[in-house]
Structures are given as structure tokens and as C-alpha cells.
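See below for the structure under consideration.
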Amino acid sequence: EAQVTQNPRYLITVTGKKLTVTCSQNMNHEYMSWYRQDPGLGLRQIYYSMNVEVTDKGDVPEGYKVSRKEKRNFPLILESPSPNQTSLYFCASSRNQETQYFGPGTRLLVL
Amino acid sequence: GENVEQHPSTLSVQEGDSAVIKCTYSDSASNYFPWYKQELGKGPQLIIDIRSNVGEKKDQRIAVTLNKTAKHFSLHITETQPEDSAVYFCAPRGVLSFGAGTTVTVRA
């Protein structure tokens, strides 16, 4: 089954404790991206990657890091999480930068 | 960058009535216009899309119309059903920008 998976689905952490949210897709898509979703603000792009070892900032990259060492994986790293990073996070992949396939989401709470 | 506006932000309709959501964009280079549906607890999923060389596309009860001159495209849902209750997003320019979303509630 073609899909995008994210782990964990739910995470509660404390300020400053490094965390990684994993994302994996099995569709051999070149393009992958991370979004955060906040009430009233819709989906805002954090980082994207057009291929292995190629990443770039989206609209709200501050406080986040990503890596793309393999085509299928695109982890999101929060080196020192802060409460304003409490949000719902989505990973997505795309073959042609048009139609996107989203993961199920990761709900993060930073205390 | 792309300026995307989606209206209305919330929409409540009686079951069986129609719903229309409009998306306005600023980038005249946009040539791909998708609509996504996000059900509670899930990620957005593509429901219909249209390209700039087509003015309208229909898939059962949903349709998308495009007015490239005026830079807007709309999602039309006819004969609404409870399962149409969700948040809908437009995304002109594909991956690069999303509207803020429209929460649709279908009243039984």
C-alpha cells in the first residue's frame, strides 16, 4: 500500500529536550516536505527536499532541522524544542511537486 | 511569494444543500489547482484538481471551476452529506502554498 508514515503520532516533551520525528514514504517520490498546522493558520511549510542531500527552508524553518540521506526518509529534528513549537506536524511526499500525499500527522506538546 | 486567500473560513450547510468554497491566488504562473480534504484526525487528501487549460472538472458530487483571468478557483459540493464535514484546503502552485482552510459542517 502506497503511504507516508510518521512516528511518533503523539509526543509530549519538555523545553530543550531534543527530539526527532521520523517520516518515511514507499512511493519512490523525490520531493518531501514538512508542515505544521495551527488553528487559523492552515498548513505552513517548514522545510522541503527536492532529492537526496538537497533540502531548503520553507516559510517557518526557525527552530527546526531536517536531513535527507535516503530517498524514502525525511526526519524532522527539533534540537531545543520550545512551547511555541507545540503543533500538529505533517510530512508529505510528491512525485512532481504537484499532488501531495500526507502522513497521518504527529501531535507535539512542548511543556 | 504566493498570496492565497480562501473563503469562507467556516461553512455550515443543511444536508442535501450545496457548498461552495473560493480560493484566490496572486501568482499568475500557477497552472495546477488542487483541493484537499482533511477529516478529523487525518492528514489532508487530494479530492480533485484542475489544470490551467481546463475551466471545469467534475467528479460525482464535487467539481472545481477555474477563472484564470480573475485568479480564483472554486470547489463545489452538491447534495452534501454528513461525511462531507471536514476541513478543505486549496493549494495553488502545488506544494508551495496552501490556503488557511475552510471548515465545512453538514447539518443533518
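See the values below:
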{"item": "Some residue of segment A:102-109 being away from every other protein chain (no Cβ under 14 Å) and not acidic (Asp, Glu)", "result": "yes"}
{"item": "Whichever residue in segment B:3-26 is open to solvent by less than 40 Å² (accessible area, probe 1.4 Å) and more than 19 Å from B:ILE62 (Cβ to Cβ) and, among such residues, is modelled with the lowest pLDDT", "result": "B:VAL4"}
{"item": "Qualifying positions in segment B:52-108 - open to solvent by less than 20 Å² (accessible area, probe 1.4 Å) and within 13 Å of another protein chain (Cβ to nearest Cβ)", "result": "B:TYR88, B:PHE89, B:CYS90, B:ALA91, B:PRO92, B:GLY94, B:VAL95, B:SER97, B:GLY99, B:GLY101, B:THR102"}
{"item": "Selected residue (criterion: nearest to B:ALA29 (Cα to Cα)) from residues of segment A:84-101 that are more than 10 Å from every other protein chain (Cβ to nearest Cβ) and open to solvent by 60 Å² or more (accessible area, probe 1.4 Å)", "result": "A:ARG95"}
{"item": "Every pair of residues 6+ apart whose Cβ atoms lie under 9 Å, when the first sits in segment A:70-83 and is farther than 16 Å from A:THR106 by Cα while the second is open to solvent by 40 Å² or more (accessible area, probe 1.4 Å) and acidic (Asp, Glu)", "result": "A:LYS71/A:GLU30"}
{"item": "Residues satisfying the stated conditions in segment A:48-78, i.e. closer than 11 Å to A:CYS91 by Cβ and within 12 Å of chain B (Cβ to nearest Cβ)", "result": "A:TYR48, A:SER49"}
{"item": "Residues that are within 14 Å of the chain's Cα centre (by Cα) and without any contact (Cβ under 8 Å) to a residue 12 or more places away in the chain, drawn from segment A:40-69", "result": "A:ASP56, A:LYS57, A:GLU62"}
{"item": "Strands (runs of 3 or more DSSP E) enclosed by segment B:15-62 - at least 1 residues per element that are in contact with a His (Cβ under 9 Å, 6 or more places away or on another chain), of a type in the set (Phe, Trp, Tyr) and under 17 Å from B:PHE98 (Cα atoms)", "result": "B:19-25"}
{"item": "The one condition in (1) closer than 24 Å to B:GLY101 by Cα; (2) in a strand (DSSP E or B) that A:SER24 fails to fulfil", "result": "(1)"}
{"item": "Residues (under 11 Å from the mean Cα position of the chain (by Cα) and within 13 Å of another protein chain (Cβ to nearest Cβ)) located in segment B:22-37", "result": "B:CYS23, B:PHE33, B:PRO34, B:TRP35, B:TYR36, B:LYS37"}
{"item": "Candidates A:VAL21, A:VAL14 - the one that is open to solvent by 40 Å² or more (accessible area, probe 1.4 Å), more than 10 Å from chain B (Cβ to nearest Cβ) and touching a residue at least 24 places away in the same chain (Cβ under 8 Å)", "result": "A:VAL14"}
{"item": "Residue list for segment A:47-70, filter: in a strand (DSSP E or B) and within 17 Å of A:HIS29 (Cβ to Cβ)", "result": "A:TYR47, A:TYR48, A:SER49, A:MET50, A:ASN51, A:VAL54, A:THR55, A:ASP56, A:VAL66"}
{"item": "Among (1) within 14 Å of chain B (Cβ to nearest Cβ); (2) open to solvent by less than 10 Å² (accessible area, probe 1.4 Å) - the single one A:PRO81 does not satisfy", "result": "(1)"}
{"item": "Given (1) in a loop (DSSP other than H, G, I, E, B); (2) farther than 20 Å from B:LYS42 by Cα, number of the condition B:GLY99 does not satisfy", "result": "(2)"}
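The values are calculated or read from the model by the stated rules, or taken from the named source; none is laboratory data. In this text, all values refer to a predicted model and were calculated from it rather than measured experimentally. Ideal geometry is used to build each Cβ from the backbone, glycine not excepted, and the neighbour counts take in all protein chains shown. Just the protein is used for accessible areas: all its heavy atoms, side chains included, with ligands, DNA and RNA removed. Shrake-Rupley method; radii C 1.70, N 1.55, O 1.52, S 1.80 Å.
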